[in-house]
Amino acid sequence: MLRLHILASGSRGNASVIEDADTGRAVLIDCGISKKDFMARCAEADFDPARIEAILVTHEHTDHTKGLGVVLRGLAKLDARPDVFANPATLAASKPLQEIAETHRVLSFGADASGTGKAGIGIAQKSGRPTELELAGMRIFPFVTSHDAAASFGFRIECDGDVVGFMTDSGIVTPAAHDALQDVRLLALECNHDSKMLERGPYPYVVKQRIASEFGHLSNAQASDELASLLSNRLEAVAAMHISENNNEYDLALKTFAETLARENHSARVCCGYQGRLTSIG
Ligand SMILES: [Zn+2]
Ligand SMILES: [Zn+2]
């Protein structure tokens, strides 16, 4: 069985661990938090960070990458040297990743799907699913998301018949994402903002436009629609992710998902990823 440890989620920093609870082997998705927070939340999750065998980078934005260097140095002291996986376009756009590449193995994935930003998304979808990866005993299927990054991905993670779906940082649900998130047991789905709060909130107009655009972030309503379309007998828990601290509230995102499940008469549990504390599900 897979476990998901959301160490942090939100615009100030993201990091999530997918752990195979039977073997203890794990992958880390993104690392945009400090070494102190990373180590503290792994300890709180009762998870040994030395068991991380690979780090997957969704995209180059600093809330997903700025802690990579310090955390890798911390892991090296524990004798762990996980490979880092990023799309070539992500590597080309990320200073922290380029610095890491000087001392660490940075391997590419989804090479055929680079340029998934504004110009390239149509091409990426036509080229089909990016290559699958085998890491830490898991099969990992990256899929293209829709975000204002050089390239951006979510992941479907399969292990011994168990499945986790993971998607943040996407302005719309791409057809590739919708396909990849079918029939998962644990679902981590972006639920970034309440559209009305965003509209009335403090951000400059261009930033509001960016967040609400199809290359921004999923609103509560968009996430709920997608959740409703992904309900299956297998789904046991859903986590609302990348919740904005300015344009949303944790309770509002939780309520939105809970209401969607109640309306559809589905018994999956609802939780959310927090900026400042751990959530573990599995
Ligand atoms: Zn982000
Ligand atoms: Zn982003």
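The values are calculated or read from the model by the stated rules, or taken from the named source; none is laboratory data. Predicted model, so just to flag it, every value in this text is computed and none were measured. Neighbour counts are summed over all protein chains in view; Cβ atoms, including those assigned to glycine, are modelled from backbone coordinates with ideal geometry. The accessibility values were calculated without ligands, DNA or RNA, using every heavy atom of the protein model including side chains. Shrake-Rupley method; radii C 1.70, N 1.55, O 1.52, S 1.80 Å.
Numerical summary
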quantity	calculated
Debye intensity ratio in log₁₀ form over the Cα atoms of segment 142-195, taken at each q of 0.27 Å⁻¹	-1.07
Rule-of-thumb Rg ratio for segment 2-281 [Cα; 2.2 N^0.38 Å; N residues]	0.92
SER267-HIS178 FRET efficiency (beta carbon distance; Förster radius 35 Å; 0.05 resolution)	0.95
Filter on LYS35/LYS95; LYS66/LYS196; LYS36/LYS208; LYS196/LYS255; LYS36/LYS196 - keep pairs with C-alpha separation over 25 Å	LYS66/LYS196; LYS36/LYS208; LYS36/LYS196
Net +/- balance of residues flanking MET1 in space, Cβ distance below 11 Å, scoring K and R +1, D and E -1	-4
Label-point separation in nm, ASN233 to GLU102, each point 7 Å along Cα→Cβ	5.6 nm
From phi via Karplus (6.51, -1.76, 1.60), per-residue ³J(HN,Hα) for segment 276-282 in Hz, x at Gly/Pro	x, 7, 7, 10, 10, 10, x
Per residue accessible area in Å² of segment 2-281, where ligands, DNA and RNA are left out and the probe is 1.4 Å	41 Å²
Cα pair count fraction exceeding 19 Å, expressed as % - segment 194-282	42 percent
Alpha-carbon centroid distance for the pair segment 126-192 / segment 19-98, whole angstrom	18 Å
GNM flexibility winner over the chain from ALA89, ALA237, ALA262 (Cα, springs under 10 Å)	ALA262
